[in-house]
1. When B:GLU49, A:GLU48 are ordered from fewest to most other Cβ atoms inside 10 Å of their Cβ, what list results?
2. For a quick check: with amide H placed at 1.01 Å from N, whose amide H comes under 5 Å from A:LYS210's, ignoring anything fewer than 5 positions away on the same chain?
3. Straight-line reach only, C-alpha to C-alpha below 20 angstrom: list the aspartates and glutamates that A:LYS251 could link to, leaving out same-chain residues fewer than 8 apart.
4. In whole Å, what is the distance between the alpha-carbon centres of the stretch A:204-262 and the stretch B:115-181?
5. List the DSSP H helices in chain A whose Cα atoms stretch 15 Å or more along the helix axis and whose mean Kyte-Doolittle hydropathy is at least -1.0.
6. Applying 1/(1 + (r/R0)^6) with R0 = 60 Å to the Cβ-Cβ distance of A:ASN66 and B:ILE228, what FRET efficiency is obtained, to the nearest 0.05?
7. At 7 Å along the Cα-to-beta-carbon direction for both B:LEU152 and B:ARG3, put a label point, then send me their distance in nm to one decimal.
8. Summarise the partner chain shielding of B:255-267 as one whole number: the mean count of Cβ atoms from other chains within 10 Å of each residue's Cβ.
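Laboratory data are not the source of any read-out in this text; all were calculated from the coordinates shown. Being a predicted model, the structure only gives us computed values, none of them experimental. Heads up, the Cβs are rebuilt from the backbone with ideal geometry, glycines too, and the neighbour counts pull from every protein chain shown.
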Amino acid sequence: MRKFLIVLIVSLIPILMFSVRYGGTLVYVMGVDAVTLLPGNMTDNPSEMVCRHIFEGLVEFDEKLNINPALAERWEISKDGTVYTFYLRKGVKFQDGTPFNAYAVKKYFEYVLTHDLKRTKLYEPYIKEIKVIDDYTVQFVLKHPFGPFLNYLAHGAGLIVSPKAIDEYGDDPGVLGKHPVGTGPFKLAEWKKGEKIVLVKNENYWQKGKPYLDKIVFRVIPEAVTRALQLQAGDAHLALKIPPVFVEKLKKDPRIDVVIGPSLRVLYIGMNTQKKPFDDVRIRRALNYAIDKETLCKTIMGGLAKPADSPLAPAIWGYYSTGKYPYDPEKAKKLLAEAGYPNGFEAELATPKGRYLQDYETAVAVQAQLAKVGVKVKVVPMEWATYLAYVNVKNPDKRYQMFLLGWAPSTGEADWVLRPLFSTGSISNRALYSNPEVDELIVKASREVDPEKRKELYKILQEKIVDDAPWIFLYVLDQVYAKSKKVKGDVALPIEIVLVKDAWLEE
Amino acid sequence: MGRFVLRRVLLLMPILIGVSVLIFLIMHLLPGDPARLIAGEDASEEEIEMIRVKYGLDKPLVIQYLIFMENLFKGEVKSLRSDVPVFEELFPRYLNTIQLAFSSVLIASILGILFGVVAAVHRNSIIDNLVMAVSLFGVSMPIFWLGILLILFFSVYLGWFPSGGKEGLSSLVLPSLTIGLAIAAFIARMTRALMLDVLSQDYIRTAIAYGFPRKTVIYRYALKNVMIPIVTIIGLQFGYLMGGAVLTESVFGWPGIGRYVVEAIFARDYTVVQVGIMVISATFVIINLLVDLIYAFLDPRIRRG
């Protein structure tokens, strides 16, 4: 009897949990159109958002950035960390009827590696060769052990394209980018550039019973206020990038849910560690103590950010809370005096305007807070492209002093924060930070196969970097979107991606 | 007439070449590296360098320009971001822009001329004052603000029209109204002033003295004479709108050519900006030609000359 009850309950769970409704069209509004629907050629967020509904990779992220099986059922990693063997799911077909198998995996990744796509260099430094063991077993042989490799496969560029589509259109990546064929739950029906992308249900999807929606319309509305109004007017079900002023207003609307979750984006003010007075670590620490991050998050950011105490966002695996640099203006003044600047100094702080939520406003607030400890900062706002040219200037004499930037690793892991931003000589290391010990640890961590050991190395790295303070660590941004309460089953990945592939619309 | 048209069309060539050189120089003078922008914010050095080489951005400027022109003549200019031919991306947006410009100008012309004439005929009456006050409001109102107000009222509260996007003709109504009202206000003020001038002339007074019906005098004798400057204004406005109404397009998510070019400027997508602005310039020249042809239709003197 007990056994019977357990069986009954277990079999009821799916029914109780998923009182889903089939059918309907979900309208999803974004600020910018997708650029291409060829995974290996995309570098922008909207393209990835759409592609993740059409394609699937060997592995995939969940909302906590764990790596789960997708087209691979399971995998093995060799002891030395250079051979990844994937056992593929059987009975999966691409939307054009081509079977999914080891040859398809090899074909896609070799296509990316050999066709100078915009993401070719994401894989090329690591992958030595791809071997088909049998129809449903494929091996990636790496040039050297690389701990985060699975994340690179879960990356948007790792979504697998049908071999038939590659044969047909692959000569021209622009054309292939308009003919997306994947194994995912939705397929492309229509793409009106700058206007909308319409996906329809893949009737032959391998996960039986899914998807629930008949159709998804990704509509492009550049103006954030209109996106919010579209929800209120009932013309859309889900809207990305809601302006902070609208968050409170939408929260009061009984028909709308505002979803706030963590992102991986850390905002920071880099200091040119090669230039006086920022070459003195005491100055850099002093500026960290002078910033009241809590207030910054509460007021300027309207609660849509959390204070940062590491270059890594807490949602990243391996994050360690250093607890460093609480607000302490007295300590800041003391450190400034010790470094020989009892009356502070003058400096320039460059910032983009409108690139990140409240970027310029943050710079101005920092200016006011630094003034309290005697550091007089001039804020210089710039248009994004101009700003990027400015922070990448090669001539050391023309280099900036302080600059505000954000970073979010599209691979969703720690290596792609630490290596580009803190390795000596890396182009994204705009603070020109250099610590040989850190350089060594970064390489060591990336090649460490044992996750526990890697985590320990990341901890040491975070402590050292925060201690050296090449940045003023500001905050971690939240990601915000709003949706109609009818929408259920939507998933937000912290890599600034909102998925509705398993969503349904309640009546 | 035929020779006149032919000459004007031939003149397009040097204009377009001039525009292409100018835009090319301006785009390259702007700070900003397209390879870095295209590679994405967290790109590695290798990724950026590969893109720079692939799109020839590492070549000398003159060579880059010549490659661009060669591709243009072959019709193979591709967007740096999407690798898709620019014309293919541009054409549907161009049609959308024509649609929006045409309906806006239509609304503006009908409302503007009608209210302008009514105000002039009933000079200094309550109607006149009302039209002038409303039109003053109309010309000074920011388009952005008007657009959002229209959405709030007609979409969120009344639910009559879609709040944005492009789903059938009904989504054309609010963006056309937004642009149309602002231009209508301008046309109404111009029409009124011009009409007042003409109505005070001798031949009108004579016509009225002869006892011609009032309507005939106003609409056939007076209005026809003010049409030339009004058509000029309408033509110019239409020309400007064909360059894209960026703000309106953004507010309503209307996929027109203006936003396409502006987004390309921010992304330093050189090829898209070049082709986009060349197309806009050509359109402007052609519209001016059409306006000149309409003059001839309106004024027999021009036809003979």
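1. Numbers: B:GLU49 16, A:GLU48 23.
Ranking B:GLU49, A:GLU48 by Cβ neighbours within 10 Å, fewest first, gives B:GLU49, A:GLU48.
2. none
3. The qualifying aspartates and glutamates are A:GLU223, A:ASP235, A:ASP478, A:ASP490, A:GLU506.
4. Their Cα centres are 29 Å away from one another.
5. Result, helices passing both filters: A:2-17, A:102-114, A:359-371, A:436-447.
6. On the way: r = 72 Å, r/R0 = 1.20.
It comes out at approximately 0.25.
7. According to this spin-label approximation, the distance is 6.0 nm.
8. Working: counts 9, 2, 1, 0, 5, 3, 0, 1, 4, 0, 2, 3, 5.
Neighbouring Cβ atoms belonging to other protein chains average 3 per residue here.
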